[in-house]
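What follows is one structure encoded as structure tokens, with my remarks underneath.
Where a number appears in this text, it was derived from the coordinates with a stated rule and is not lab data. As the structure is a computational prediction, the values presented were derived from the model and not from experiment. Please note: Cβ atoms are built from the backbone with ideal geometry, for glycine as well, and neighbour counts cover all protein chains shown.
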Amino acid sequence: MTSGPTVDDENAAFWNELCGTSLARQVGVTGRTADDLRRFDDAYLHFYPYLDRYLPEDLTGERVLEVGLGYGTLGQVIAERGAQYTGVDVAAGPVAMMRHRMVLIGRSDCEARQASVLELPFDDAMFDRVVTVGCLHHTGDLRRAMTEVSRVLRPGGHALVMVYNKWSARRLLAGPALLLRRVIHRSGRAEAMRGLYDKDQSGAAAPHTEFVSRRALRALFDGWRDVRIDRRNLSFGRIAFLRRPALTVGLDRIAGLDLYAQAAR
């Protein structure tokens, strides 16, 4: 008897198409030259203008692990700030992109490898900082993923973790419409909700997405120090004016779709 694919297997297939591919096409990025990636990064950081501010300007000498690499913007920022950078992703595509970026910026000493956060291939207390943005809620086992983040982080080290907010404006407003769609078309409400957040170029939704309340996220950091949680990002997809950060400043702090947790081990 053979077992079916695991969530890791499904995620490895789905996320092999880089997270950010849709944005790249919107801004006309089709290649992987230094100029192509700079244009992508400019667009990405315009959309998430607060993201790199969650990290110190100077990371010189810090051992930093990033989990979930996507198009590689944040990993490049971390490496350019002087960190001893290591990146992991369950899919091969993002790993290849990150390795390419490290060569372009002259940081071939940095490492990127394919691995699951549910079983990180690192010793205990190996890193000074762990950064994982938009990844852990897709793993199928958020608690185990957080246990691994904690395990590889040294005492006193810092973590930055972003997961989707269970009580965001997007989920609350979309819920009734998706329930009606399920009744009329007999389509899966959970799959439709996942598709509102992440889907590939074929239109398929991410295999697994967990939406997390602020209270549940804080509970995952039980025993940590200096836990701070922010709500961010009031994007509503195709509603263009709500994709402009300047028009949603303040509102995202109330009902943003992302929760950013910062804490010390």
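With both labels modelled 7 Å from their Cα along Cα-to-Cβ, the GLN201 to ALA125 distance reads 4.6 nm.
Taking the DSSP beta bridges with both ends in the chain, the antiparallel portion is around 40 percent. With contributions of -39500 (n - 2.57) from each DSSP H run of at least four residues, the per-residue ellipticity at 222 nm computed over the chain stands at -10500 deg cm²/dmol. A full extension of the chain between ARG113 and ILE254 corresponds to an added length of 47.1 nm, given 0.36 nm per residue minus the alpha carbon distance.
Pull out the extension gain between VAL227 and ARG151, defined as 0.36 nm times the separation in residues minus the alpha carbon to alpha carbon distance; nm, one decimal. Before the final figure, lay out each step's value.
Working: separation 76, 0.36 × 76 = 27.36 nm, distance 1.73 nm.
Stretched fully, the VAL227-ARG151 segment lengthens by 25.6 nm.
Look at the dipole of the chain built from charges on Cβ: of ALA43, SER108, GLY156, the Cα furthest out on the positive end belongs to ALA43.
Among 147-154, 71-78, how do they line up from the highest to the lowest mean number of other beta-carbon atoms within 10 Å?
Sorting 147-154, 71-78 by mean packing, highest first, produces 71-78, 147-154.
Determine the relative contact order of the chain: mean sequence separation of Cα pairs under 8 Å and six or more apart, normalised by residue count, in whole percent.
Values: 469 pairs, mean separation 46.8, N = 265.
Relative contact order comes out at 18 percent.
Could you give the length gained on full extension between ASP52 and THR30, defined as 0.36 nm per residue of separation minus the Cα-Cα distance, in nm?
Length difference between fully extended and current span is 5.5 nm.
Taking all C-alpha pairs of the chain, those more than 28 Å from each other amount to 33 percent. Ordering LEU65, LEU136, VAL90 by Cα displacement along the dipole of the range 62-166 toward the positive end leaves LEU136 in first place; charges were set at the Cβ atoms of Lys, Arg (+1) and Asp, Glu (-1).
Sorting MET162, MET126, MET102 from the fewest to the most surrounding beta carbons within 10 angstrom yields MET126, MET102, MET162.
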